[in-house]
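Participant: Mind looking over this structure? Questions follow.
The values are calculated or read from the model by the stated rules, or taken from the named source; none is laboratory data. All values reported here derive from a predicted model rather than from experimental measurement. Counting neighbours? That spans all protein chains shown, and the Cβs are built from the backbone with ideal geometry, glycine included. Each accessible area value is taken on the protein alone, full model and side chains, heavy atoms only, with ligands, DNA and RNA left out. Shrake-Rupley method; radii C 1.70, N 1.55, O 1.52, S 1.80 Å.
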Amino acid sequence: MVHGGLLRLFLNFYYTQNFQHKMLEIMNECKSVIFTGHSLGGALASLSALWLLSVIQTTSLSIEVLCITYGSPMLGNKSFSQAILQERWCGNFCHVVGPHDLVPRLLFAPPSPFVEHFHALFHFWQSSMASSSPNSIQLDSLLSDEVKAEIFGNILACVEDRFRRGENQERGSFWPFGSYMFCTENGAICLDNRMAIVKMLYLMLAKGSANACVEDHLKYENYVGRICWQYLQRKSLTNVCFSESSNEAGIALALHSSGISFQEPVLYGVGKDCIVMARQLGCRRNIYTAKMAVSLSKVTPLRAQIEWYKAFCDNSDDQLGYYDSFKRRTASRKGSKVYMNLTRLGKFWDEVIHMLETNQLAHDFHKLVKYVNASQSYKLLVEPLEIAEYYRTEIHKKKGHYIENGREKRFRVFDKWWRDRKIGDEEGNPRSKFAGLTQDSCFWARVEEARDCVYCVVSEVDQGRELVLVDKIEKFEAYARGLIERKEVSVDVLAKNSSYSLFREEWKEVKARLQLLPPRFPVAMVREKF
């Protein structure tokens with residue numbers, strides 16, 4: 001769920017000729033793009049970046065996308081945040097937040113009691129940014145001190161309530177996504193854990209005031225400039241009390257950068273817990289990512305056994321090939337072993353995807369060359385056997401054909417990994433060309449659908465539906481011919497008794513019987529006559 005007002009604002013922007021022209025220019029000419037915006041402009045920047053990321057996901061475009069916002073309101077609820085996390089888009093967003101800025105925390109509070117006051121605030125901010133002298137319009141003339149204090153107290157209480165509830169919140173509550181960079185006069189601290197972000201939003205606001213929460217929304221130029229200057233000057237932090245422990249020293253530095261002093265024991269204690277939790281989650285992701293390499297090496301022998309089985313089937317005297325040998329197998333120790341290996345490999349990769357979606361692995365895990373190549377190799381080797389089992393057990397008669405109704409989620413995820421990889425990453429892998437494997441892992445599912453169409457053509461009495469079936473068969477025939485010409489198929493495809501060879505024979509007989517040469521010419525003549 002996304003905030004309706006912000007979404008409408010984006011759609012009004014999206015349909016402008018300027019936006020469409022700029023996006024077309026980016027997609028045609030750019031390798032990378034940065035969206036940025038302040039306040040409501042930050043929300044527009046985030047939605048624009050999400051739109052472009054979704055376009056890239058469904059096309060062959062290769063564009064690096066980064067979104068940096070300043071004082072932006074939140075966009076959506078926990079499900080929205082989780083969806084962005086599962087798409088591995090969190091690393092594309094960095095939200096810069098002032099210590100006491102009201103806007104990033106605004107949607108934690110119900111708007112109804114203060115709608116008119118919020119309008120006055122946004123009018124003040126907009127006028128101040130548009131004016132050469134920000135104080136030319138006095139906020140006091142728009143809102144009294146009592147109203148400002150009431151707004152500040154209400155939002156602070158709502159943020160505290162959200163912090164106290166933790167993950168147990170209402171379904172429609174707004175929730176952060178991406179990384180948050182909290183800026184103060186002392187430095188900055190960056191967090192990517194959602195619960196830690198909510199805690200820090202509360203802790204820093206608790207140190208503010210009614211006036212500071214309004215004025216902070218206009219200070220981002222100062223904050224960012226100061227941080228850059230401190231970084232360049234390598235400013236020493238002489239007023240920070242360090243411990244002998246490097247871990248404690250790191251926490252002290254982080255809290256000092258966020259403006260929380262050890263002299264404030266209550267806030268310091270909560271802030272310390274927040275930093276420890278975020279650090280532990282980050283360390284845990286790195287540890288799990290390192291352990292995954294060990295787990296991958298443990299399942300490699302299972303894949304090797306399936307490769308041996310493929311070589312055995314392709315060289316067999318029955319000339320069935322890899323796919324059909326497994327599909328027509330009888331009860332045997334060899335077949336049972338392969339099926340067991342299929343199951344174990346599937347469980348391994350399902351667990352990898354689950355850990356990735358629940359933020360237990362490194363954010364760039366899905367782009368690491370080792371796992372992109374390993375998943376592609378697994379998909380090309382194993383999915384033909386998954387398809388064989390699907391049609392062997394006749395599940396397609398109950399659920400429909402494999403590609404639309406039976407394909408496991410893991411294979412769709414691996415398609416995306418492979419599509420999003422940086423071209424050339426596979427060159428370091430000795431199996432980069434995946435020699436001996438059909439490059440379309442769903443090829444055999446397409447064969448089964450084409451054979452089914454051939455059977456249906458024979459019994460079809462409606463000429464319109466018959467033409468549709470014939471068109472599908474001819475398109476597959478041309479597609480398969482292209483794969484073969486480019487040498488992108490395994491030897492089992494051209495085996496004498498393979499399902500593909502049977503398809504070619506069956507289709508040749510049906511065409512001769514129905515005299516469909518050309519198939520659509522007689523119907524075209526009739527339609528033209530009428």
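Participant: Using protein chains only and a probe of 1.4 angstrom, how many square angstrom of ASP364 are accessible, to the nearest 10?
Facilitator: The value for ASP364 is about 80 Å².
Participant: Let me ask another. Give me the 1.4 Å probe accessible area per residue for region 1-82, excluding ligands and nucleic acids, in Å².
Facilitator: 50 Å²
Participant: Counting only the heavy atoms of the protein chains, how much of SER297 is accessible to a 1.4 Å probe, in Å² to the nearest 10?
Facilitator: 70 Å²
Participant: Could you work out what % of the accessible surface of region 4-242 is carbon and sulfur, using a 1.4 angstrom probe and leaving DNA, RNA and ligands out of the count?
Facilitator: Carbon and sulfur atoms account for 54 percent of the accessible area of region 4-242.
Participant: Once the whole set of protein chains is in place, how much accessible area is left on LYS78, using a 1.4 Å probe, in Å² to the nearest 10?
Facilitator: Its heavy atoms expose roughly 60 Å² to the probe.
Participant: Ignoring ligands, DNA and RNA, what accessible area per residue does region 432-494 give at 1.4 Å, in Å²?
Facilitator: About 51 Å² of surface per residue is accessible.
Participant: On to the next question. Going down the table (LYS379/LYS472; LYS298/LYS370; LYS310/LYS334; LYS78/LYS199), which pairs top 20 Å between alpha carbons?
Facilitator: Violating the 20 Å limit, Cα to Cα: LYS379/LYS472.
Participant: Two-decimal Rg/Rh of region 42-121 from alpha-carbon positions, Kirkwood Rh?
Facilitator: 1.04
Participant: How compact and how long is region 4-242, expressed as Rg and Dmax of its alpha-carbon atoms in Å?
Facilitator: Both quantities, over Cα of region 4-242: 18.6, 56 Å.
Participant: Any idea how far apart ALA157 and GLN86 come out in nm if each label point goes 7 Å out from Cα toward Cβ?
Facilitator: 3.6 nm
Participant: Find the all-direction average of the projected area of the Cα convex hull for region 3-141, expressing the result in square nanometres with one decimal place.
Facilitator: Answer in nm², one decimal: 10.2.
Participant: Same structure, new question: Out of all Cα-Cα pairs in region 323-466, roughly what percent, to the nearest whole number, are more than 26 Å apart?
Facilitator: Counting every Cα pair in region 323-466, those more than 26 Å apart make up 35 percent.
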